[in-house]
Amino acid sequence: MKPFRSALSSLARFAWQARTLLLAGLALGFCIPLARASAPSPTPAPEERAVIPAAASAIVGDWMVASKDAIIRIGRVGDTFEGHIAWQLHDTYGPEDGPELNGRIVTDRHNPDPALRERPLTGLRLVWGLRYDAGSGEWLDGQVYDSDNGKTYHCQVRLIDADHLSLRGYIGISLLGGSTTWSRSQVPAAASSSAP
């Protein structure tokens, strides 16, 4: 078997390993539920339990993004959740953005729809369509808009603890994406009167 495997290209070797892992994963996938059904599962210690919010509205509130330059206000809309930019550290363009933008309100200038490029970022809906899944304790099936490049991605949210959430944006499946951590916050007093 070794001479045969050494003759395979690296791509073929990867495909063979992936197939082997898939088959092993499928075998485990069928065996683990059977083992769980036959053996009582021990109750995990409180510090080992996954953080599952008491209610779907646990993500409602103001969240500081990881870069600390914006606060997103998440609220319930019908049976889903969405978030708007409630505050930005820089709500006007500076000299580094060029003389034509200097002092102007920051807008959605990378939006693929030219008609939307002049709308202000403050108040913009950034996250929408999140549906709470009680089984996983996560908010799934959402969309997140990246105003830096004008692209929209799928997203899901989970609470890390009461004051931190993880938002994962992805294309297609959640493995093809990236995560960011937001911290519970409050909109600064001067900005809270104009926030949505």
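Return yes or no: is residue 170 of a type in the set (Ser, Thr, Tyr), at pLDDT 95 or above, on the phi < 0 side of the Ramachandran plot and crowded, with 17+ Cβ neighbours inside 10 Å?
On the way: of a type in the set (Ser, Thr, Tyr): yes; at pLDDT 95 or above: yes; on the phi < 0 side of the Ramachandran plot: yes; crowded, with 17+ Cβ neighbours inside 10 Å: no.
Here the answer is no, as residue 170 does not meet what is asked.
Considering only region 79-90, state which residues are within 26 Å of residue 64 (Cβ to Cβ) and either out of contact with any Pro (no Cβ under 8 Å at 6 or more places or on another chain) or outside the structural domain of residue 158 (by TED's automatic domain parsing) (or both). First the steps, then the outcome.
Quick first cut of region 79-90, residues within 26 Å of residue 64 (Cβ to Cβ) only: 80-90.
80, 81, 82, 83, 85, 88, 89, 90 - these are the residues of region 79-90 that are within 26 Å of residue 64 (Cβ to Cβ) and either out of contact with any Pro (no Cβ under 8 Å at 6 or more places or on another chain) or outside the structural domain of residue 158 (by TED's automatic domain parsing) (or both).
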Hits in region 109-141 - residues which are touching a His at 6+ places or on another chain (Cβ under 7 Å) and not basic (Lys, Arg): 123, 124, 126
Those residues of region 117-131 which are in contact (Cβ under 8 Å) with a residue 40 or more places away in the chain and more than 21 Å from residue 65 (Cα to Cα), in sequence order: none
For residue 123: the one exception among (1) assigned to a strand (DSSP E or B); (2) of a type outside the set (Ser, Thr, Tyr); (3) over 18 Å from residue 162 (Cα atoms): (1)
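The values are calculated or read from the model by the stated rules, or taken from the named source; none is laboratory data. Note that the coordinates shown come from a computational prediction; the quantities given were computed from them, not determined experimentally. As a convention, Cβ positions derive from the backbone with ideal geometry for all residues, glycine included, and neighbour counts pool all protein chains shown.
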